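Only one structure is covered here, and it is reproduced in the block below.
Just so you know, all these numbers are worked out from the coordinates, no wet-lab data involved. Note that the coordinates shown come from a computational prediction; the quantities given were computed from them, not determined experimentally. Cβ: placed from backbone, ideal geometry, glycine included. Neighbour counts: every protein chain shown.
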There are 2 protein chains.
Amino acid sequence: MVTIECVPNVSEGRRADVINGLADSLRSVPGLRVLGVQSDGAHNRSVFTLAGDAAALAAGVPKLFEGALAAIDLRTHTGEHPRIGAIDVVPFIPIEGVTMAECVALAKAVAADVAARFAVPMFLYEEASANPARQNLEDIRRGEFEGLAAKMAQPAWAPDYGPASPHPSAGATAIGARMPLIAYNINLATNRLDVAKKIASAIRISSGGLRYVKAMGIALEDRGIVQVSINLTNYEKTPMFRVFDLVKREAARYGVDVLESEIVGFVPAAALTQTAEYFLQLEGFSPDQVLEVKLRT
Amino acid sequence: MVTIECVPNVSEGRRADVINGLADSLRSVPGLRVLGVQSDGAHNRSVFTLAGDAAALAAGVPKLFEGALAAIDLRTHTGEHPRIGAIDVVPFIPIEGVTMAECVALAKAVAADVAARFAVPMFLYEEASANPARQNLEDIRRGEFEGLAAKMAQPAWAPDYGPASPHPSAGATAIGARMPLIAYNINLATNRLDVAKKIASAIRISSGGLRYVKAMGIALEDRGIVQVSINLTNYEKTPMFRVFDLVKREAARYGVDVLESEIVGFVPAAALTQTAEYFLQLEGFSPDQVLEVKLRT
């Protein structure tokens, strides 16, 4: 069984009729599942969580463009979240029975199709881009919709597919493939915010830490404790157990214990399996030994 | 999705035509999957690993009785493994979307059906038996087929279903429900067999250890190391991480390190998830947060 997750971010978080209409059009696609729709009014943005095989997603994503282009005009759009397009970003995420290379191929095929049908410029990002300056979503989105025409006038910002200048009302879209993200928080048995901030700084890539860790230290005021709040963007290459062990060791330096950790939202089974393998010192273990995996093959 | 595993042990491990015939009759049952057939000539016994929902197993197990009764006669059967019946033991094991109580109910329904159709006495065991003297399979099997008529003449050994005396050629069957068994070995960085034996003795229930652990110390001659070889009969109540930690601690007492551990055969995903939860000190975690679990519901 092939399962690919797709999490399009759409620049509409306020008009329920538009958001519901987009969700309904996705639900009508055979084999496509709508696992969730989260809308944020302040961000004026909705996140659709979809799952299916390549064919279902290749059929569903253009439907989303069709509906969003008819309903959203970025020339009058306001919201706190940065965006370049009516459909701002479309990541494909390998979950089961599918490789990252296949998700990259799907991203490129959908990008070419959408660009041709809707005249929206498409920028490949993350694993789908071979250009280091284009892999990071923040780099593509810098300047936002309002600065997009000037940005695309530079040769370095020609799109990967579609017209050379922005779609008048829908801007452009970043489309690509990435690993599932794990939102992972580690709570410390202390109220010392400086300790959480120092640990976050020690473990995140932006200040010299682990490659696939974003982290910040925050206070949980109501509980009188602090938290190292982490986004883990590639659990295969930067595993949860390594992050946990490193936080624990850094905390010990300040005489602080780890109180508990928590996973917010979903986690791939493989991230938990690799954690059990590590701590149990398992040798020669294969995912095929997981009974549920065997039963599904 | 409901998945129940069923692992009938049949007293025939030598005649390939008989074993293949039984497997083929099981494969013909709609919704029933034959995951594996392991035969042992010395034991003269075959283990069928089946999976399906309650309806598929309720249809399949009687087919196995029909075929085995026609082909196997315990009056002329020899083999190293103790047995009381042509179909010796039939355990039902909850895997996914099903409770132990439902597996107990299934065991009782199949037992009643088989007893009525084939006149084979059925003994409930493990979770399916309310009688402590009948829960342990070894207690039911003591005396084997050859001693069964005398044993069943005692009031304490009246069967739960079926005739009061053994089937002439097929004896009786133990049928019940149990947790999945995990074959889990921990290798020590030493060649001292006495250390492996002392640790096995410390952790197993039979000498005062953990409730759901069977263990022995053995030498891995070719590698020059020793192993604590473990059967974990209920990973929910005696989790893998606790066994691992206890072995590690006991080994340290003798100045010995754990080299590695290994899982032989299958392991339920939940056993690995609970291990990750323990070592990561995860709080408030629900199995529904595992992406693959969410995708299957």
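Quick notes
- C-alpha long axis of helix B:269-279 to longest principal axis of chain B, angle in °: 20
- In degrees, nearest ten, helix B:100-118 long axis to first principal axis of chain B (Cα): 30
- With its label point defined 7 Å out from Cα along the Cα-to-Cβ axis, A:ALA119 lies at 8.6 nm from the matching points of the other copies, in increasing order.
- Theoretical FRET efficiency, 1/(1+(r/R0)^6), r = Cβ-Cβ of B:ILE205 and A:GLN281, R0 41 Å, to 0.05: 0.95
- 10 Å Cβ neighbours from other chains, averaged over peptide B:255-266: 4
- Selected from A:ALA115, B:ALA150, B:GLY60, residue furthest toward positive end of dipole (the protein assembly as shown; charges at beta carbon): B:ALA150
- For the stretch A:276-297 versus the stretch B:88-131, the gap between their alpha-carbon centres in whole angstrom: 29
- Cross-link partners for B:LYS63 among the lysines, with Cα-Cα distance under 20 Å and sequence neighbours closer than 8 places in the same chain left out: B:LYS108.
- Cβ-Cβ FRET estimate between B:ALA164 and A:ASN136, R0 fixed at 51 Å, reported to 0.05: 0.10
- Spherically averaged projected area of the stretch B:182-291 from its Cα convex hull (nm²): 7.5
- Residue-normalised convex hull volume from the C-alpha trace of the stretch A:167-207: 162 Å³ per residue.
- Annotation note: GluC sites (Glu not before Pro) in the stretch B:19-128 located in DSSP loop regions with a Cβ neighbour count of at most 12 within 10 Å are B:GLU80.
- For the protein assembly as shown, the Kirkwood hydrodynamic radius comes to 27.8 Å, computed from all pairs of different C-alpha atoms.
- Contact order, relative form, for the stretch B:182-291: 32 percent (alpha carbon pairs under 8 Å, 6 or more residues apart, mean separation divided by residue count).
- Spin-label model, B:ALA153/B:ASP288: points 7 Å from Cα along the beta carbon direction are separated by 5.9 nm.
- Euclidean distance between Cα centres, the stretch B:249-263 to the stretch B:146-222, Å: 25
- Simple point charges give the picture: +1 on the Cβ of Lys and Arg, -1 on the Cβ of Asp and Glu, and for the protein assembly as shown a dipole about the Cα centre of about 660 debye.
- Rounded to whole Å, sorted largest first: equivalent-ellipsoid semi-axes of chain A, Cα gyration tensor: 35, 24, 18
- Here the label points at A:ALA101 and B:GLU144, each 7 Å from Cα along the C-beta direction, are separated by 5.6 nm in the simple model.
- Ranked list, fewest to most other Cβ atoms within 10 Å of each Cβ, for B:ASP245, B:ASP160, B:ASP73, B:ASP288: B:ASP288, B:ASP73, B:ASP245, B:ASP160
- Rounded, prolate or oblate (a/c below 1.5 giving rounded, otherwise prolate when a/b exceeds b/c) for the stretch A:3-177 by Cα gyration tensor: oblate
- The stretch B:3-177 - charge dipole about Cα centre, Lys and Arg +1 at Cβ, Asp and Glu -1, debye rounded to 20: 300
- Label points for B:ALA219 are taken 7 Å from Cα along Cα→Cβ. From this copy to the others they lie 6.4 nm apart, shortest first.
- Over 25 Å (Cα to Cα) - which of B:LYS151/B:LYS197; A:LYS248/B:LYS248; A:LYS198/B:LYS294; A:LYS214/A:LYS248; B:LYS198/B:LYS237 fall in this group: B:LYS151/B:LYS197; A:LYS198/B:LYS294
- Contact order normalised by residue count of chain A, Cα under 8 Å, 6+ apart, percent: 15
- Placing a label point 7 Å from the Cα of B:ALA116 along the Cα-to-Cβ direction, the residues of the stretch B:33-60 whose backbone N falls under 17 Å from that point are B:55, B:58-60.
- Cα shape, the stretch A:39-132, gyration tensor, a/c 1.5 rule: prolate
- Over all other residues within a Cβ to Cβ distance under 15 Å of A:VAL258, the charged ones net out to 0, with Lys and Arg as +1 and Asp and Glu as -1.
- Mean-position separation - Cα centroids, the stretch B:8-35 and the stretch A:1-59, in angstrom: 46
- Placing a pseudo-label 7 Å from each Cα along the Cα-to-Cβ vector at B:ALA70 and A:GLU236 gives an inter-label distance of 5.0 nm.
- Compared with the dominant Cα axis of chain A, that is its longest principal axis, helix A:54-71 is turned about 60°.
- Simple point charges give the picture: +1 on the Cβ of Lys and Arg, -1 on the Cβ of Asp and Glu, and for chain A a dipole about the Cα centre of about 500 debye.
- For A:ASN136, inter-copy label distances in nm, listed shortest first [label point 7 Å out on the Cα-Cβ vector]: 6.5
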